[in-house]
1. With the checklist (1) loosely packed, with under 12 Cβ neighbours inside 10 Å; (2) modelled with pLDDT of 85 or more in hand, flag the one item residue 186 doesn't pass.
2. Inside the stretch 1-49, can you point out the residues that are part of a helix (DSSP H, G or I) and at pLDDT below 90?
3. All but one of (1) touching a helix residue (DSSP H, G or I) at 6+ places or on another chain (Cβ under 6 Å); (2) part of a helix (DSSP H, G or I); (3) at pLDDT below 95; (4) under 17 Å from residue 417 (Cα atoms) hold for residue 226; state the number of the condition that does not hold.
4. I'd like to check which helices (runs of 4 or more DSSP H) are fully inside the stretch 50-101 and have at least 2 residues that are modelled with pLDDT of 90 or more.
5. Restricting to the stretch 269-302, give me the number of residues that are over 24 Å from residue 425 (Cβ atoms), touching a strand residue (DSSP E or B) at 6+ places or on another chain (Cβ under 8 Å) and modelled with pLDDT under 75.
6. For the stretch 191-241, enumerate the residues that are over 16 Å from the mean Cα position of the chain (by Cα) and under 19 Å from residue 55 (Cβ atoms).
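The values are calculated or read from the model by the stated rules, or taken from the named source; none is laboratory data. Predicted model only: the values in this text are computed from it and were never measured. Cβ: placed from backbone, ideal geometry, glycine included. Neighbour counts: every protein chain shown.
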């Protein structure tokens, strides 16, 4: 973020949930997100894909008229600037190569503006020249709905069970092979069939995500949730109770905070005093640590960004590793945590679901439903499409299942949907 504490942060000594929320909400309303890290973890063999997204406040295409309508205020805390600089954050990369985004309310404003017929009139001169050049070379107009594309909000909508399938042009997902053809009728028919399948895939995954949203795992994610709510979804509510309700009921019904979890591990006295990096190395240096396997090309340690703490992608990778280690430790020390609680456990759970591809009516008990695959074009079955098969892979999956209790188990009813608040204790998201 461009800042993490507002003006009132240094003026209050009160340590309550209400004051903690007030400070976090003020920061989220004042500052901007610069980078988001996301590690998608598949339960089968602990395979993972890590993504690092730089976000830009610029509109694409650049548009002076739209900027006048949606006049974003860019605020940078000098303290945060120094911190980011010390950790080799590239401001140039964020602004020049970042992913644009519109919040839900900004998207609605842009649609109304576009429907008024002012879209191309407001394009900046440089972009208009590039657009006209593309039209001359290809004979194709750029999409008329470009200004109100949600951008990175597509990802957030998928996570919260929101709409995204119909807003995505499936042709943008086509590979170069489909575009570099000679307009032979056979190729045209194949392309049309592929586009139809992509549309169906997008709708299928939107339906699945609406029915059962992914488990969101973060390390000390309270401030992150405030920023996601304010930046992409809707303005933050006025008080902590309304915030708890919005997060748990409307957006993220299943959350695990590894900061909170580390302070609750049986026999642990120091977990709450350790930062993410310390917990990460404690887990990976443990003699019984089972490594998470990064998918080729999606390794947080080699993705074009600094493989170090405070890079958002690497932080998300460390959080995934810490979560697996803590969950394993929790189960090893207390087998009763595997008991299933009431249906929809965790207070904000959304109930059970039949396993994909199952016709028996029974839900899989191996814990694989804890994680949801976000890539709509990988192979099904909970893997990323390139996992090994056979007895060895089955044994690895069975061993992994012992350490990750399904969401309906007692451990997540007890520790899920709880956030760590420094100086306050914890926030129970199901209490609203």
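1. The one condition residue 186 does not meet is (2).
2. Going through the stretch 1-49, the residues part of a helix (DSSP H, G or I) turn out to be 7-10, 17-30.
If the condition is that a residue be part of a helix (DSSP H, G or I) and at pLDDT below 90, then 7, 8, 9, 10 are the ones that fit.
3. Residue 226 satisfies all of (1) touching a helix residue (DSSP H, G or I) at 6+ places or on another chain (Cβ under 6 Å); (2) part of a helix (DSSP H, G or I); (3) at pLDDT below 95; (4) under 17 Å from residue 417 (Cα atoms) except (3).
4. Details: elements: 64-69, 78-86, 91-97.
Hits in the stretch 50-101: 78-86.
5. Residues in the stretch 269-302 being over 24 Å from residue 425 (Cβ atoms), touching a strand residue (DSSP E or B) at 6+ places or on another chain (Cβ under 8 Å) and modelled with pLDDT under 75: 2 in total.
6. Result: 234, 235, 236.
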